[in-house]
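A quick write-up on the structure given underneath.
The values are calculated or read from the model by the stated rules, or taken from the named source; none is laboratory data. Just so it is clear, the structure is predicted and the values come from calculations on it, not from any experiment. Backbone-built Cβ (ideal geometry, glycine too); neighbour counts: all protein chains shown. Only protein heavy atoms, including side chains, enter the accessible area calculation; ligands, DNA and RNA are left aside. Shrake-Rupley method; radii C 1.70, N 1.55, O 1.52, S 1.80 Å.
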Amino acid sequence: MRRFVIGQAKNLIDQTRRRCCQPHHHNNLRLLSLLRPSASDSTTVSSPRLFSSSSSSSSSDMPGSDSSSSSLPVTLDSINPKVLKCEYAVRGEIVSIAQRLQDDLKINKDAYPFDEIIYCNIGNPQSLGQQPITFFREVLALCSHTALLDESATHGLFSSDSIDRAWKILDQIPGKATGAYSHSQGIKGLRDAIAAGIEARDGFPADPNDIFMTDGASPGVHMMMQLLISSEKDGILCPIPQYPLYSASIALHGGSLVPYYLDEASGWGLEISELKKQLEDAKSKGITVRALAVINPGNPTGQVLSEENQRDIVDFCKKEGLVLLADEVYQENVYVPDKKFHSFKKVARSMGYGEKDISLVSFQSISKGYYGECGKRGGYMEVTGFTSDVREQIYKVASVNLCSNISGQILASLVMSPPKPGDDSYDSYIAEKEGILSSLATRAKTLEEALNKLEGVTCNRAEGAMYLFPCINLPQKAIAAAEAAKTAPDAFYCKRLLNATGIVVVPGSGFRQVPGTWHFRCTILPQEDKIPAIVNRLTEFHKSFMDEFRD
Amino acid sequence: MALEYDLLNENVKKCQYAVRGELYLRASELQKEGKKIIFTNVGNPHALGQKPLTFPRQVVALCQAPFLLDDPNVGMLFPADAIARAKHYLSLTSGGLGAYSDSRGLPGVRKEVAEFIQRRDGYPSDPELIFLTDGASKGVMQILNCVIRGEGDGILVPVPQYPLYSATISLLGGSLVPYYLDESENWGLDVNNLRQSVAQARSQGISVRAMVIINPGNPTGQCLSEANLKEILKFCYNEKLVLLGDEVYQQNIYQDERPFISSKKVLMDMGSPFSKGVQLVSFHTVSKGYWGECGQRGGYFEMTNFPPRVVEEIYKVASIALSPNVSAQIFMGLMVSPPKPGDISYDQFARESKGILESLRRRAKIMTDGFNSCKNVVCNFTEGAMYSFPQIRLPPGALQAAKQAGKVPDVFYCLKLLEATGISTVPGSGFGQKEGVFHLRTTILPAEEEMPEIMDSFKKFNDEFMAQYENGFGYSRM
């Protein structure tokens, strides 16, 4: 498979389109985000099919090579076309190239002008050296192997409050069985802790029965899309640029993405007039808009919405009868003193809107924040303002997958109920947490300033989340060179950057952007001691790129 | 209200999932009211007191808290081989349990899975065609999502079946094409029956695309013979069907005549043209076997004869979910490469796993015998898996009473059983059954020492139930 990916990547870069080996209309639906011309609006984009039929696409020992595959029941021609249509650039072509480089780097150290690949493509903090919060992991270890709790030596190796907490959690699990499927919404006692955490955050009541625990936030988003989308006549308003989970999930469920553009000039502001315009436009095309997705703090754009703006959004949803899908996974990641995270639920409740006024789903994850526990796949959605018959349907869909993983559930409850002042671990917990958050703020600032110094680059400040999304004003010559290479100009830039520096970023076209503008997304996650070198490499690369292509 | 029930995706509304349906909800209510409930509705061994295997839990605990590995006192709590194994798995990750892995799972664990398959089957297995998943269910959903384009696409599913299949097909808007297992032949799979099902579906304009087999069977507990698997694979070859082999119960075998044999091995044994012409996806999990680690949500699927481009599409869809949870990936690694003879933890591991399997074997027998001693109940022996699926011959009086109560007859029976005994089962109608025939599914998982009492209480309820409805409204009065 890897050989295939590599072979394919090579082909995609080097080759122009070739004749398809199996002529069929589905082939045209094979969209490769990084190679198509930027498609910024939601309408279907016809894209050249760029697959080669060359022999590099399969190894000889692999059964079912493409040449003989036409007799097989599932081929590219007969796969679900919705699968072909969906795209997910965060792990797309650039990442495949990076993996190939990383493998090759081990063998041919001297062939590259860099000695390591730095993955700034994905919000995966612990893969870049961020350490987990000790208290959380102590509790998880004790819950993973409960026999430890009976050993006296355990007291020498674990903090006393982690032991207490592990007992408390185990008492909430029927039979203390961390290896059992739980309630499909998640273990009730853990949902109680989460609801209490939400209450403490918002100052408004939260009901544990509204919480659905999920394997990361993404399955929750899929579940809601599944519920809301019956056909392409159902639309979901999504920000552009957007985290491609939304476009991918909408494509997989066969719905229509209705874009609304964030205003880069006003720090990626969300204008109600734009929402209205796009809603009307969708209606005129016969699309029923069912929901509005808002990512706050923004991904990839990093802005933190003002409370006033949030109130307008809530009113808009209420007035238009839209479900508000609030992606609030970066709620702990706010880096500027003049902005504060407010949950949409708090905003709605503080406006006096209750269960009957607005349907609101808030997504939270243990992958982000200061904890960054991506590999645990934990998260939840808080579902409010739905009738009981709809809630039953959500429960049913959740139950088909039985339950989310238990250590992810435990961690989600810990994140929402961390150590308190006076607890044994409190001081170390606070030191770890603040260390991570203040370092993230420093890194964000350093990178943002460095990017803004580059010729033709403007970068809004990262108020929150984990990303910078600079705009690159590419010279015409670079755009022409990209076209000649059958690559989107921003992907062209990102590949050049990767090959010159080992830095992996995601082209803006993977998130969609205003037509004719070019961006890339870069995480702020490399460890602080690596940032100066990254800045240097990036600056040098950009200068030589501009020297080569300046008009 | 923004989201009315009427506006919901019809496919969602159509979807049924009985394992956590009405009976389960009622049982949960009763439990809250303080009644002792014996949950036999889900194959969830640890919930019924099965203890986790020690060694894997030690390894995963160390991976959860890697700072323990630096503590000079770690040896007081953990054996050396668990420590070594934790270091091994951490070295396979890129940042420990807290970092997303490759969307297909950690390459090092996939390699261990491939080695396991090769040892098991005697044929090479390619780690690049193995994807780790959050439980087997996620894998089934991913594959069916690729196969089903719309309601014109049909999937052959055994009846009775594990409702994951019907639920997923319904969610994805496809058509379920049933084939009936033959209860009188110990739930045997008759290929003629398959042909009829396919012919009938095709006559209705359905393009049958794939076939599901569950081996050992859920809820039916039968183990397929090699000859039978050959017929099935030939059938898939001739009819151009993808075979989805649900083999999650491969460790759970309670008879010696038909040990588990994988579909992949049979397919490879058959040679050309079948071995290169049948697309097969095999599923496995850490939730079953003597592991029973349901709460971890770990599993894998292996694809055979999938063109690289299709594999790449499946990879893309997997990548949208970023990665399966990493601790369950490590459980999977441990499951396919358990302690070996000579390892410090081997004896304990072998003792624990053997103890669980032998006890399950005894429980399978106690349960089948118990059911067969009841009035109007007949039950095939549980050859494998974790379930007993007795047929309950309901007298007309019971059917009538069920009708009056507005319940499906077997739901009616199971609710009464629950109220009277606290035994929470799943009605056969949740799995599909021939019309007019009624069943229930229980797991064989309650603790062995409780088993006789449970079967006594079942028998008491059943025989009274039968007496009530036969005497009161039975044949004689109709």
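Using only the Cα atoms of the range B:91-336, each taken as one equal point scatterer with no solvent, compute I(q) by the Debye sum, divide by I(0), and report log10 of the ratio at q = 0.18 Å⁻¹.
Results for the range B:91-336 at q = 0.18 Å⁻¹ read -1.52.
Work out how much length residue A:116 to residue A:201 would gain on full extension: take 0.36 nm times their residue separation and subtract the Cα-Cα distance, in nm to one decimal.
26.5 nm
So, R0 is 51 Å and r is the distance between the beta-carbons of residue A:164 and residue B:403; what FRET efficiency does that work out to, to 0.05? Please report the intermediate quantities before stating the final value.
Details: r = 55 Å, r/R0 = 1.07.
Here the calculated transfer efficiency is 0.40.
Give the lysines whose C-alpha is closer than 17 Å to that of residue A:530, dropping any in the same chain fewer than 8 places away, or say none.
Leaving aside lysines fewer than 8 places away in the same chain, those within reach of residue A:530 are A:445.
Roughly how many Å² is the accessible area per residue of the range A:181-416, as a whole number, for a 1.4 Å probe?
Result: 26 Å² per residue.
What is the range A:94-164 by shape, rounded, prolate or oblate, if you read a ≥ b ≥ c off the alpha carbon gyration tensor as root eigenvalues and call it rounded for a/c under 1.5, prolate for a/b larger than b/c, and oblate otherwise?
prolate
Just the number please: accessible area per residue for the range B:91-336, 1.4 Å probe, all protein chains included, in Å².
Ligands and nucleic acids excluded, the result is 26 Å² per residue.
Residues of B:64-77, mean number of Cβ from any other protein chain within 10 Å of their own Cβ, rounded to a whole number?
Values: counts 14, 15, 4, 7, 6, 0, 0, 2, 0, 3, 2, 1, 6, 10.
Per-residue shielding by partner chains comes out at 5.
Can you give me the Cα centroid spacing of the range B:1-79 and the range B:157-224 in angstrom?
The range B:1-79 and the range B:157-224 have Cα centres separated by 28 Å.
Please name the residues of the range A:170-209 whose accessible area, counted over protein heavy atoms with a 1.4 angstrom probe, falls by no less than 20 Å² between the chain alone and the full protein assembly.
A:177, A:178, A:179, A:180, A:181, A:183
If only Cα atoms are counted, what is the Rg of the range B:347-478, and what is its Dmax, in Å?
Taking only Cα atoms of the range B:347-478, I get Rg and Dmax of 16.2, 63 Å.
Work out which residues of the range A:80-107 lose at minimum 30 square angstrom of accessible surface when the other protein chains are put back, relative to the chain isolated, with a 1.4 angstrom probe, and list them by number.
Residues shielded by partner chains are A:80, A:83, A:86, A:88, A:91.
With θ taken as phi - 60° and the coefficients 6.51, -1.76 and 1.60, list the Karplus ³J(HN,Hα) couplings across the range B:462-468 in order, rounded to whole Hz; mark glycine and proline as x.
Result, rounded to whole Hz: 4, 5, 5, 4, 4, 4, 4.
Taking each residue of A:390-397 in turn, how many C-beta atoms of other protein chains fall within 10 Å of its C-beta, and what is the average?
Per-residue shielding by partner chains comes out at 5.
Can you pull the one-decimal nm distance between simple spin-label points at residue A:449 and residue B:457, each 7 Å off the Cα toward Cβ?
The modelled label-to-label distance comes out at 7.0 nm.
Let me make sure I get this right: for the range A:463-511, a, b and c are the square roots of the gyration tensor eigenvalues over alpha carbons, sorted descending. Under 1.5 in a/c it's rounded, otherwise prolate if a/b > b/c, else oblate. Which is it?
Judged from the Cα gyration tensor, the range A:463-511 comes out prolate (a/c at least 1.5, a/b above b/c).
Quick check: residue separation of residue A:271 and residue A:71 times 0.36 nm, minus the Cα distance between them. What number comes out in nm?
Full extension from residue A:271 to residue A:71 adds 66.8 nm.
Provide the percentage of antiparallel DSSP beta bridges, counting only those with both residues in chain A; round to the nearest 5.
Percent antiparallel among DSSP bridges in chain A is about 50.
May I ask you to list the lysines whose Cα is less than 16 Å away from that of residue B:354, ignoring any residue fewer than eight positions away on the same chain?
B:51, B:288, B:340
Amide H neighbours of residue A:467 under 5 Å, at least 5 residues apart or on other chains, H built in the peptide plane: list them.
For residue A:467, whose amide H was placed from the backbone, the distant partners under 5 Å are A:524.
Name the residues of the range A:128-150, by number, that are at least 50 Å² less accessible with every protein chain in place than in the isolated chain; the surface is that of heavy atoms, probe 1.4 Å, without ligands or nucleic acids.
Buried by 50 Å² or more upon assembly, which counts only protein chains, are A:137, A:144, A:145.
If the only charges are +1 at each Lys and Arg Cβ and -1 at each Asp and Glu Cβ, what is the size of the charge dipole of the range A:181-416 around the Cα centre, to the nearest 20 debye?
I would put it at about 380 debye.
In whole Å, how far is the Cα centre of the range A:499-519 from that of the range A:374-417?
Comparing the Cα centres of the range A:499-519 and the range A:374-417, I get a distance of 33 Å.
Given a Förster radius of 35 Å and the C-beta distance between residue B:186 and residue B:87 as r, what FRET efficiency does 1/(1 + (r/R0)^6) yield to the nearest 0.05? If you can, show how the numbers build up before the last one.
Values: r = 47 Å, r/R0 = 1.36.
For R0 = 35 Å, the calculated efficiency reads 0.15.
Report, to the nearest whole %, how much of the accessible area of the range A:134-178 belongs to carbon and sulfur atoms, 1.4 Å probe, protein only.
With neighbouring chains kept in place, the figure for the range A:134-178 is 47 percent.
Assigning unit charges at the beta carbon (Lys, Arg +1; Asp, Glu -1) and nothing else, what dipole magnitude in debye, to the nearest 20, does the range B:91-336 show about its Cα centre?
520
With the convex hull built on the Cα atoms of the range A:181-416, state its orientation-averaged projected area in nm².
Here the figure is 11.9 nm², rounded to one decimal.
Size of the dipole of the protein assembly as shown about the Cα centre, Lys and Arg at +1 and Asp and Glu at -1 on the beta carbon, nothing else charged, in debye to 20?
1920
Considering the range A:409-551, what Rg and Dmax in Å follow from its alpha-carbon atoms?
Over the range A:409-551's Cα set, Rg and Dmax evaluate to 18.9, 64 Å.
In Å², rounded to the nearest 100, what is the total accessible surface buried by chains A and B against each other with a 1.4 Å probe?
8700
At 0.36 nm per residue, and after removing the present C-alpha to C-alpha distance, how many nm does the segment from residue B:16 to residue B:29 gain when stretched out fully?
Numbers: separation 13, 0.36 × 13 = 4.68 nm, distance 2.05 nm.
Net length gain for the segment: 2.6 nm.
Whole number in Å², please: accessible area per residue of the range A:134-178, 1.4 Å probe, ligands, DNA and RNA not counted.
Here the per-residue accessible area is 38 Å².
Label chain A by shape, choosing from rounded, prolate and oblate, from the square roots a ≥ b ≥ c of the eigenvalues of the Cα gyration tensor; if a/c is under 1.5 it is rounded, and otherwise prolate applies when a/b is larger than b/c, oblate when it is not.
Since a/c stays below 1.5, the shape of chain A is classed as rounded.
Could you look at the range A:181-416 and say what percent of its accessible area is carbon and sulfur, using a 1.4 Å probe and all protein chains?
Here carbon and sulfur together make up 50 percent of the probe-accessible area.
At q = 0.14, 0.19, 0.24, 0.32 Å⁻¹, what is the base-10 log of I(q)/I(0) for the range A:134-178 according to the Debye formula with one equal point scatterer per Cα and no solvent? Please give it to two decimals.
Reported log10 I(q)/I(0), two decimals: -0.26, -0.48, -0.77, -1.28.
Under 16 Å from the Cα of residue A:346, which lysines turn up, not counting those fewer than eight places away in the same chain?
Those lysines meeting the cut-off are A:318, A:356.
Just want the answer: with Cβ charges of +1 for Lys and Arg and -1 for Asp and Glu, which residue in A:414, A:447, A:517 is farthest toward the dipole's positive end in chain A?
Value computed over the given set: A:517.
Can you tell me the FRET efficiency between residue A:308 and residue A:389 if r is taken as the Cβ-Cβ distance and R0 is 45 Å, rounded to the nearest 0.05?
FRET efficiency, residue A:308 to residue A:389: 0.80.
A 25 angstrom limit on the alpha carbon distance is what I want to check against. Which of A:109/A:376; A:188/A:376; A:233/B:240 exceed it?
A:109/A:376; A:233/B:240
Express the carbon and sulfur contribution to the solvent-accessible surface of the range B:91-336 as a percent, rounded to the nearest whole number, probe 1.4 angstrom.
Carbon-and-sulfur percentage of accessible area, whole number: 49.
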